[in-house]
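The values are calculated or read from the model by the stated rules, or taken from the named source; none is laboratory data. In this text the structure is predicted, and so the values were computed from the model without any measurement. We place every Cβ from the backbone using ideal geometry, glycine too, and count neighbours over all the protein chains shown. For the accessible areas, the whole protein counts, side chains as well, though only heavy atoms, and no ligand, DNA or RNA atoms are used. Shrake-Rupley method; radii C 1.70, N 1.55, O 1.52, S 1.80 Å.
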Amino acid sequence: GGAHITADLCEKLQIPFSVAEQVKQKLLVSVKPTGLDTYDVYKGNKIEKVPSLMANEVALNIIDDIINEVANIVDGFEKIPYDIHTIYLTGGGIGFFKGIEFYMSKLVGKKVKVVMPTQLKYQKPDLSSVMALLDVSLKME
C-alpha cells in the first residue's frame with residue numbers, strides 16, 4: 001500500500017524518499033489535477049514543486065490495483081450471498097488519502113468509510129486495524 005506508493009513516486013518522479021513521502025501525504029485522489037497544479041513539499045529547507053498530475057497518476061495506478069482487489073473480494077462474498085453495504089478501511093495505507101472514500105465508492109459501488117482509532121494511545125500503524133474494528137464493533141447496535 002503506502003510504502004509501495006512512496007517507492008513508485010521516488011522511482012517514477014526521480015525524487016528523494018523524504019520528498020515522495022510528503023507528496024504521498026498530500027495526495028488528493030478525488031479531484032483530477034491540471035497540468036499546472038503542484039504539490040509543494042520541502043526538500044531540505046527549500047520548497048520543491050512536484051507536478052500533481054504525474055504524482056496522482058503514479059499513486060492511482062497502485063490505489064486502483066488495491067481497490068480492484070477489494071472489489072474482487074466483495075464480489076466473492078456477494079456470491080455466497082452476503083450483502084455488503086459498507087466497506088471499512090483501516091490502517092495507515094490508502095485510508096489516509098484525501099478523497100479516498102468518494103473515489104473508492106465510485107469504483108466499487110459501495111459506501112466506503114475510513115475508520116481510525118480515537119484513543120491517542122492506540123493511534124499506531126500496527127494497532128490501527130484492530131482498534132478501529134473494535135471501535136466499529138462497540139458502536140454497532
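Numerical summary
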quantity	calculated
Antiparallel bridges, percent of DSSP beta bridges restricted to the chain (to nearest 5)	55
Inter-label distance, nm, simple model (7 Å from Cα along the C-beta direction), residue 25/residue 69	2.5
For the chain, with +1 on Lys and Arg beta carbons and -1 on Asp and Glu, the positive-most of 44, 100, 71 along the dipole	44
Reference-scaled alpha-carbon Rg (2.2 N^0.38 Å with N residues) for segment 44-92	1.77
Apportionment of accessible area to carbon and sulfur, the chain, percent (1.4 Å)	58
Overall dimensions of segment 1-99 as given by Cα atoms, namely Rg and Dmax in Å	15.8, 56
